[in-house]
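First comes the structure, then the notes that go with it.
The values are calculated or read from the model by the stated rules, or taken from the named source; none is laboratory data. Bear in mind that the values here come from a model prediction, so they are computed numbers and not experimental data. Here the Cβ is made from the backbone with ideal geometry for all residues, glycine too, and neighbour counts use every protein chain on show.
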Amino acid sequence: MGTLELDTTPYPNYNHTSKQQNPIVNGEDQDYDDESPIEEVRLTVTNTDDPTLPVWTFRMWFLGLLSCGLLSFLNQFFSYRTEPLVITQITVQVATLPVGHFLAAVLPAGKFRVPGFGSRLFSLNPGPFNMKEHVLISIFANAGSAFGNGSAYAVGIVTIVKAFYGRKISFLAGWLLIITTQVLGYGWAGLLRKYVIEPAHMWWPGTLVQVSLFRSEKLRACPNLFYYSSGSSPILYAIPRN
């Protein structure tokens, strides 16, 4: 009868207890408890933060709400086709990068005050378009595309009630049903944040591709190369292989 042995070999270049190799960021010692034991996550996702980057900017709200509404409309419009066309947030993630840089170049950088906010200053263009704005815009778009599923799930319930059963349902009731089912995921994520989001050992493989694209220095340093490659791909696919 064999015996069960636990593999206690540490992860390469990973130490839970040693504080000597912890990075120093903004004068503070970064705890290794925030570093994931999964190698793929450590190579893709950073455990440091730059709190000086602006987040709640006019560019973020404008592009985020626009992309959410646009993807919601397009996915719902195409959902009634025999072969539905689903537009996911990766499209917005790629398309909003040059738009964000364009807005950062043309919007005025002057500061102004808003009545009711005291002496606090606001600006339409607080600085270069950064990754935090890009991530939030993609989150808005992901909500508009029903998290990759196309149209909102509860729209099908409203359609069935009205088209197949011939019953009437008010706009308010249908709207509450759709909104409730859409924000249910956010509600559970908030309630279980301590267990499924904050722990460093929890990881979501489906998001690593998007995170890798967000952090791509080559894409941010030379975005034209990426768009030239993406634009020429339909031409290459149109060429017969045989």
Quiz prompt | Residue, modelled with the lowest pLDDT, within the range 187-242, restricted to residues that are aromatic (Phe, Trp, Tyr) and over 22 Å from the mean Cα position of the chain (by Cα) | solution = TYR228
Self-check item: ASN75 vs. criteria under 19 Å from PHE214 (Cβ atoms), assigned to a helix (DSSP H, G or I) and assigned by TED's automatic domain parsing to the domain that holds SER212
Solution: no
Quiz item: What are the residue pairs meeting all of these: first residue in the range 109-123, first residue in a loop (DSSP other than H, G, I, E, B), second residue of a type in the set (Gly, Ala, Ser), Cβ atoms under 9 Å, and 6 or more apart or on different chains?
Solution: ALA109/SER123; ALA109/GLY127; GLY110/SER123
Exercise. Those residues that are at pLDDT 90 or above, under 17 Å from GLN182 (Cβ atoms) and outside any helix (DSSP H, G or I), I need them from the range 129-168; list them, please.
Key: none
Quiz item: So which pairs qualify, if the first residue must be in the range 225-242 and in the same structural domain as VAL94 (by TED's automatic domain parsing), the second must be modelled with pLDDT under 65 and surrounded by fewer than 10 Cβ atoms within 10 Å (Cβ to Cβ), the Cβ gap must be under 9 Å, and the two must be at least 6 apart or on different chains?
Solution: LEU225/LYS218; PHE226/LYS218
Exercise. For GLY100, indicate whether it is within 26 Å of TRP61 (Cβ to Cβ), in contact with a His (Cβ under 9 Å, 6 or more places away or on another chain) and either assigned by TED's automatic domain parsing to the domain that holds THR57 or not β-branched (Val, Ile, Thr) (or both).
Key: yes
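From the list LEU124, LEU85, pick out the single residue that is surrounded by 15 or more Cβ atoms within 10 Å (Cβ to Cβ) and not aromatic (Phe, Trp, Tyr).
Numbers: LEU85 fails: surrounded by 15 or more Cβ atoms within 10 Å (Cβ to Cβ).
Only one candidate passes the filter, namely LEU124.
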Quiz prompt | Looking only at the range 61-82, and only at residues there that are without any contact (Cβ under 8 Å) to a residue 12 or more places away in the chain and among the hydrophobic types (A, V, I, L, M, F, W, C), the one that is surrounded by the most Cβ atoms within 10 Å (Cβ to Cβ) | solution = LEU66
Quiz item: Does the range 57-66 include one or more residues that are part of a loop (DSSP other than H, G, I, E, B), closer than 30 Å to LEU121 by Cβ and modelled with pLDDT of 90 or more?
Solution: yes
Practice problem: Check the range 111-120 and report whether any residue there is at pLDDT below 90, under 25 Å from PRO54 (Cβ atoms) and of a type in the set (S, T, N, Q). | Solution: yes
